[in-house]
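Below is one structure; the comments refer to it alone.
The values are calculated or read from the model by the stated rules, or taken from the named source; none is laboratory data. All values derive from a computational prediction rather than experimental measurement. Cβ sites come from the backbone with ideal geometry, for glycine too, and all protein chains shown count toward neighbours.
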Amino acid sequence: MSDIILETRGLTKEFKGFTAVNDVDLKVQRGHIHALIGPNGAGKTTCFNLLTKFLTPTRGTIAFNGVDITSESPVAIARRGVVRSFQISAVFPHLTVLENVRIGLQRQTGTSMHFWRSEKILGALDGRAMDLLGQVDLAGFAKATAAELPYGRKRALEIATTLAMEPELMLLDEPTQGMGHEDVGRVTDLIKRVSAGRTVLMVEHNMTVVAKIADRITVLQRGAVLAEGGYDEVSRNPAVLEAYMGSADSALAGH
């Protein structure tokens, strides 16, 4: 089972009688882009919050690389290499693009709070920071402040800052939400590119994105797993089509 990087068994979260995540068994294969989809209210974000320990499961277990991490803190899980984009991306609007990525690198080296360090010491991280910016097509924006970036470029900066943490498993929560068509295409290609040698688990509403880059898809409905498989298989599943009918995402089979 060494090809399974993340596995949940019976993962459940209840809120005062309401079951948001219900007995979810999830297996994420190493090196895959795995999409978690479902209609609004299906439990996708709650599931992400359980995996990163922003919420504590009511029942069930979470294993990463075969190690039970169910009782570990969010910081401990991040140190293992499970990094959620917004966890560390908190883009600082008045710092430059380069400085934002450099803070991500400082976190990885344990010097994230050493803002008073000399420019010479911090400058030693610039080469790696520029390499990461090159990976996300932001090298030309290095000296711009983050606040100046268009929305899609800010999301690219978040991904660069996430990459600075050297994640083994990247969790991306709706990476293309709120984007125009051009930005969606750019960020989709970016995720595909940076996933090389990594594993990505993402929540995503845009089915065109999912169809293009997901190796495997898990569909949630009312907190439970409704279906799982490749896009062709899932998009033709009658139960999945019924779950999506009447929602903004109902055109599953149209891609």
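LEU172 meets the conditions (1) closer than 28 Å to LYS13 by Cα; (2) surrounded by fewer than 22 Cβ atoms within 10 Å (Cβ to Cβ) in every case but one. The failed one is (2). Being over 16 Å from VAL82 (Cβ atoms) and touching a Ser or Thr at 6+ places or on another chain (Cβ under 8 Å) is the filter; apply it to the range 39-56 and report the residue that is surrounded by the most Cβ atoms within 10 Å (Cβ to Cβ). Among those residues, the one meeting the criterion is PRO39. Within the range 15-36, restricting attention to residues that are touching a helix residue (DSSP H, G or I) at 6+ places or on another chain (Cβ under 6 Å) and β-branched (Val, Ile, Thr), the residue that is surrounded by the fewest Cβ atoms within 10 Å (Cβ to Cβ) is ILE33. Restricting attention to the range 1-32, which residues are in a loop (DSSP other than H, G, I, E, B) and of a type in the set (Asp, Glu)? Of everything in the range 1-32, just one residue is in a loop (DSSP other than H, G, I, E, B) and of a type in the set (Asp, Glu), namely ASP3. Within the set GLU182, GLU158, GLU148, the sole residue that is within 16 Å of the chain's Cα centre (by Cα) and not polar (S, T, N, Q) turns out to be GLU158.
Inside the range 169-197, residues that are within 13 Å of SER85 (Cα to Cα) and charged (D, E, K, R) make up a count of 2. Of the residues in the range 198-218, at least one is in a strand (DSSP E or B), of a type in the set (Lys, Arg), under 26 Å from GLY81 (Cβ atoms) and modelled with pLDDT of 90 or more. Taken residue by residue, the range 32-54 has at least one member that is within 13 Å of VAL225 (Cα to Cα), among the basic types (Lys, Arg) and touching a residue at least 60 places away in the same chain (Cβ under 8 Å).
For the range 139-147, the criterion of being of a type in the set (A, V, I, L, M, F, W, C) and surrounded by 23 or more Cβ atoms within 10 Å (Cβ to Cβ) is satisfied by no residue at all. Say we look at the range 86-108 and pick out the residues that are aliphatic (A, V, I, L, M) and in a loop (DSSP other than H, G, I, E, B); which of these is modelled with the lowest pLDDT? So the residue we want is ALA90. Here ARG186 meets each of (1) surrounded by fewer than 17 Cβ atoms within 10 Å (Cβ to Cβ); (2) in a helix (DSSP H, G or I); (3) in contact (Cβ under 8 Å) with a residue 12 or more places away in the chain; (4) assigned by TED's automatic domain parsing to the domain that holds ILE5 with one exception, condition (1). Filter the range 50-73 for residues that are assigned to a loop (DSSP other than H, G, I, E, B), among the hydrophobic types (A, V, I, L, M, F, W, C) and in contact with a strand residue (DSSP E or B) (Cβ under 7 Å, 6 or more places away or on another chain) and give the result. Within the range 50-73, LEU55, ILE69 qualify.
Among the residues here, ASP189 qualifies as more than 30 Å from GLU14 (Cα to Cα) and of a type in the set (D, E, K, R).
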